[in-house]
1. Under 21 Å Cα-Cα from LYS179, which lysines qualify once same-chain neighbours fewer than 8 residues away are excluded?
2. How large is log10 of I(q)/I(0) for segment 251-337 at q = 0.15, 0.22, 0.23, 0.25 Å⁻¹ when the intensity is taken from the Debye formula with one equal scatterer per alpha-carbon?
3. In what sequence, largest accessible area first, do THR239, THR500, THR280 appear using a 1.4 Å probe?
4. Within a Cβ distance under 14 Å of ASN253, other residues only, what is the Lys/Arg minus Asp/Glu net charge?
5. Apply the Kirkwood formula to segment 511-608: the hydrodynamic radius equals the inverse of the mean of 1/r over all pairs of different alpha-carbon atoms; give it in Å with one decimal.
6. How large is the Kirkwood hydrodynamic radius of segment 148-304, counting all unique pairs of alpha carbons, in Å?
7. In terms of solvent-accessible area of protein heavy atoms at a 1.4 angstrom probe, what is the ranking of TRP329, TRP295, highest value first?
8. Could you give each residue of segment 230-245 its phi-based ³J(HN,Hα) in whole Hz, using Karplus coefficients 6.51, -1.76, 1.60 with θ = phi - 60°, and x for Gly or Pro?
Amino acid sequence: MTIHSAGNHLVRILRLCSFFSHRCVLTGVRSHATCIQTYRFAPVRRQNGFLYYLGNCLDLKSNRFHSSEKTEYRIPTAVIEREPEDGNIYSREISGVSDPSDGHLSKRTIMQNLEALEEEFVTEQKSLSSAERIKPLEKFFDRLQMCTSPSDVLDLYKESTVTWKQVSNCLMTMWKTTKKMSEDQKRYERKLMFEHPVFEKICQQTLKGAQLMSCSDLSYSLFALVKIGVSQNSRLVHTLLRVIQNKAISLLNEFTLPNCQYMFVTLAVMDHRSLPLLETCSNRIIENIHSIPFWRLVHILQSCKDLWYRSPALLSAIGNHVAASLAIWQVKQLILFLVLFSELNFRHIELMNAFAQIILAKSESLTLKDVLSVLRVYSLLNHRPDEGWIEQFLQTVSDVFELYLSKCSSQELLRGVYSLCLMGHYPQVALNQLFRDDVLNELCSSASVYREANEQMLQCINLCLELENPSFIRQPVNTTVVDPSLSHSVNAELQKTVDTILGDSSLYQQGLMLKNLLFIDYVIALDQKSKNVVPIPQDDEIGSESDIQRVAVLCAPVSAFCFGTSHPKDRLAMKIRHLKVLGYHAVLVSEHEFGKLSEDERVGFLKSAIFTE
């Protein structure tokens, strides 16, 4: 009767056990593990993907042999010698080895016999495993190629034993079968797929096997899952993203410069803000900033914007590089850099000063779009070039803007005038055109999708003209903008600090609204001679000759400042300027930075800001 392969395996295990038991008696070694180590047997070996365990052969209880055939395994008596009549189980012989009573066995003889036995065992098992493995695997992939829909793949998955290595192939096939379908058919097939009882199982197996998958299997699985419509907010997709990240980080030392650049774009497309990857890639980009071309720098900045990732070192490095090589950039390229920086709230002073000089020299080359972009950037970041030629810069840009008034839409006209007013410049021709009835009606029409934003900008323009250019005659504009005080919440930490400093709530006024637009968190009246806080007059009338100074405490969010600085942006800068015109001394508190301070530090900071001008 033919012995099953598992029986052959058992025979060889018993022969090895016989040898080790016999050898332990001869040498006095009691530990099988010690014997293995002495004769240099590796506990685990792998050949052609086949694992075999010599160390475990010593523990017969741990071996399990399974077969679908109900075959009685019998070991021929010729293979293993009979036990002696005296019952000494250690006196058994191994084929080819002399009787131990003749003396100690030579190590060389033992090793020769074991090597031959090991080679015979591995060769046989390797051939058997290959035949047993390849045929089902080939059959599986043949059937997989014949699938024409995701449901077909899931049916095959249900019938087969699929390892995690084959999961990515299943998922990719599910996506490929829907590629050429119409949109209606795709929706129908995906509905069937999500309702299929096996879909959850393949997702669970993908989830459990993610850590074991290769990089390519992970990538294909993630790609396929997103393509077939699995939610990007699902636990499965996020798990794969994390595993691909914890793997990407392990390969960072092997990243080339293009790898780092594409990593930014890839993460932006995935909307996955991985700080470890971004920071490491940023460092590599900073080191090689001079060798990165224009469009790749643009894509990096665009990705930073999409991911809302702002690295001071990276942004400064790009700004420094552009500012140091102005001669190689076109005006439109420089404008694009500045626009991207402004969208990241980043103000690079040297670059903006240098570009202002370029504008003065090449103003005739600016298009309407260029002018509007320049106005937007400088007003948003509240950047005023060196005081010696700030007026010349504003007048030059204003003149170019007015050259295009005949081509401006009402929306473009409003945005251009609004930006100039934020910087304290008032172009008369543009203002006259803006306040025409037909233009105002169009901007404030209920049909306009920008109606609310337009009304807010018109309010700001009206206030600027009232406080800073009262000679301009304009008609009142009716707006329906919601009172900003209604959406303003009191900062609890600032409230506590003000109470600690003043001690009496009658010494300050909270939540004051001026001109229906300027909201002040706290108003304090300060005697400039004694430097003491005094009660605020009921009518809030303070004579111009009085020594009483009104102090306006403004608490602003981090978004109201340029990134990484305490420099106020557009409307906050305008508010401070207007409060100064109205006779207030503005004390600016950054909500973000104030929250980082201890209680004592908050008291010290606010005291210094209020009592020292």
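1. Filter leaves LYS191, LYS227.
2. The calculated log intensity ratios at q = 0.15, 0.22, 0.23, 0.25 Å⁻¹ are -0.52, -1.08, -1.17, -1.36.
3. Listed by decreasing accessible area, they come as THR500, THR280, THR239.
4. Net charge around ASN253: 0.
5. So the Kirkwood estimate lands at 14.6 Å.
6. One decimal place: 17.2 Å for the Kirkwood radius.
7. Ranked list, largest accessible area first: TRP295, TRP329.
8. Coupling constants for segment 230-245: 5, 4, 6, 8, 6, 4, 4, 5, 5, 5, 4, 4, 5, 5, 5, 5 Hz.
The values are calculated or read from the model by the stated rules, or taken from the named source; none is laboratory data. No experiment lies behind these values; they were computed from the predicted model shown. Ideal geometry is used to build each Cβ from the backbone, glycine not excepted, and the neighbour counts take in all protein chains shown. Calculation scope for accessible area: heavy atoms of the full protein, side chains included, ligands and nucleic acids excluded. Shrake-Rupley method; radii C 1.70, N 1.55, O 1.52, S 1.80 Å.
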